Amino acid sequence: MPNDRRPLIAGNWKMNGQKSDGLSLAEALAQRMKAESDPVFDMVVCPPFTLVADVGNAIADSGIGLGGQDCHTAENGAHTGDISATMLSDIGCGFVIVGHSERRTDHGETDLGVKAKAAAAQAAGLCAIICIGETEAERDAGQTFDVVKTQLSGSVPDGSTAANTVIAYEPVWAIGTGRTPSLEEVQEVHALIREELTKAVGESHANGTRVLYGGSMKPENARELIALEDVDGGLIGGASLKAEDFWAIAQSCV
Ligand code: 13P
């Protein structure tokens with residue numbers, strides 16, 4: 001961290017939560033956030049689509065941001081089962097996650113498709129949280145840098161800015177496994193991401209863009225990860241489902 005990027009702590013609830021679970025989690029976070037006089041971090045929650053509107057109401061006026069977990073490339077039309085960025089924006093979202101590795105795997109999403117989703121999100125006034133990260137086999141084969149560079153240049157729309165783009169580096173093998181890369185490994189990938197962003201969007205936007213780490217982030221390891229020079233917060237899965245743990249991670253920014 002030490003720089004003027006404001007840390008962002010984002011919770012990806014994935015396909016979890018009945019209405020009552022989501023509401024109590026959102027209310028618990030809103031209560032904590034409202035009690036914080038001058039938070040030094042931004043917080044965002046990305047519930048499943050069924051809960052976005054209700055969670056939005058529960059966190060209203062708390063300062064916590066709202067996000068979707070995916071969006072379509074089109075604004076509207078014949079796309080059964082999909083949700084557009086415009087629809088997310090319409091119900092109060094400021095963010096949307098695109099290109100999560102689970103979507104790349106489950107739905108065959110490609111860099112090109114992710115780039116189109118990110119562009120649609122930006123056009124709708126949302127900040128796109130664009131996910132990239134290598135598999136374990138790619139890391140073992142020494143391909144991490146190449147994979148990250150390819151995904152980044154393939155998934156980030158031209159003209160992206162620090163205001164409408166967040167990058168989340170999520171090594172696939174660290175998601176939900178309790179394993180993380182070493183601090184040195186995390187920092188070297190984040191530094192590479194910033195270097196590549198500089199080439200793509202220019203120094204000023206690259207320096208202002210928040211690059212989050214995701215993959216088994218928890219209260220026990222958040223502080224040291226977030227303290228790394230080019231890590232500007234986290235995209236948190238499992239630990240974002242418990243208000244206490246998610247809040248403790250946010251407190252690591254303090
Ligand atoms: P975990 O925090 O459960 O490892 O998930 C990370 C993630 O995929 C966030 O998008």
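The values are calculated or read from the model by the stated rules, or taken from the named source; none is laboratory data. Note that this is a predicted model, so its numbers are computed, not measured. As a convention, Cβ positions derive from the backbone with ideal geometry for all residues, glycine included, and neighbour counts pool all protein chains shown. Each accessible area value is taken on the protein alone, full model and side chains, heavy atoms only, with ligands, DNA and RNA left out. Shrake-Rupley method; radii C 1.70, N 1.55, O 1.52, S 1.80 Å.
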- Please state which one of E109, E102 is over 14 Å from S160 (Cα atoms), within 16 Å of the ligand (Cβ to nearest atom), open to solvent by less than 60 Å² (accessible area, probe 1.4 Å) and among the acidic types (D, E). E109
- Query: Is segment 95-111 home to any residue that is in contact with a Ser or Thr (Cβ under 7 Å, 6 or more places away or on another chain) and either modelled with pLDDT of 95 or more or within 21 Å of E195 (Cα to Cα) (or both)?
  - Reply: yes
- Counted residues, segment 130-144 - those being among the acidic types (D, E) and within 16 Å of the ligand (Cβ to nearest atom): 2
- Query: Only one of these conditions is not met by A168: (1) open to solvent by 10 Å² or more (accessible area, probe 1.4 Å); (2) closer than 30 Å to G22 by Cα; (3) not β-branched (V, I, T). Which number is it?
  - Reply: (1)
- Message: Consider segment 84-99. How many of its residues are open to solvent by less than 20 Å² (accessible area, probe 1.4 Å) and in contact with a helix residue (DSSP H, G or I) (Cβ under 8 Å, 6 or more places away or on another chain)?
- Response: 7
- Item | In segment 159-185, the residues that are within 16 Å of the ligand (Cβ to nearest atom) and either aromatic (F, W, Y) or within 16 Å of the chain's Cα centre (by Cα) (or both) | V166, I167, A168, Y169, E170, P171, V172, W173, A174, I175, G176
- Any residue in segment 145-158 that is within 16 Å of the ligand (Cβ to nearest atom) and either assigned to a loop (DSSP other than H, G, I, E, B) or of a type in the set (S, T, Y) (or both)? yes
- segment 231-248, residues that are over 17 Å from T177 (Cα atoms) and in contact with a strand residue (DSSP E or B) (Cβ under 6 Å, 6 or more places away or on another chain): V231, D232, G233, F246
- Task: Give me the pairs, please: first residue somewhere in segment 131-153 and without any contact (Cβ under 8 Å) to a residue 24 or more places away in the chain, second residue anywhere and surrounded by fewer than 14 Cβ atoms within 10 Å (Cβ to Cβ) and part of a helix (DSSP H, G or I), beta-carbon distance under 7 Å, and either six or more positions apart or on two chains.
- Result: none
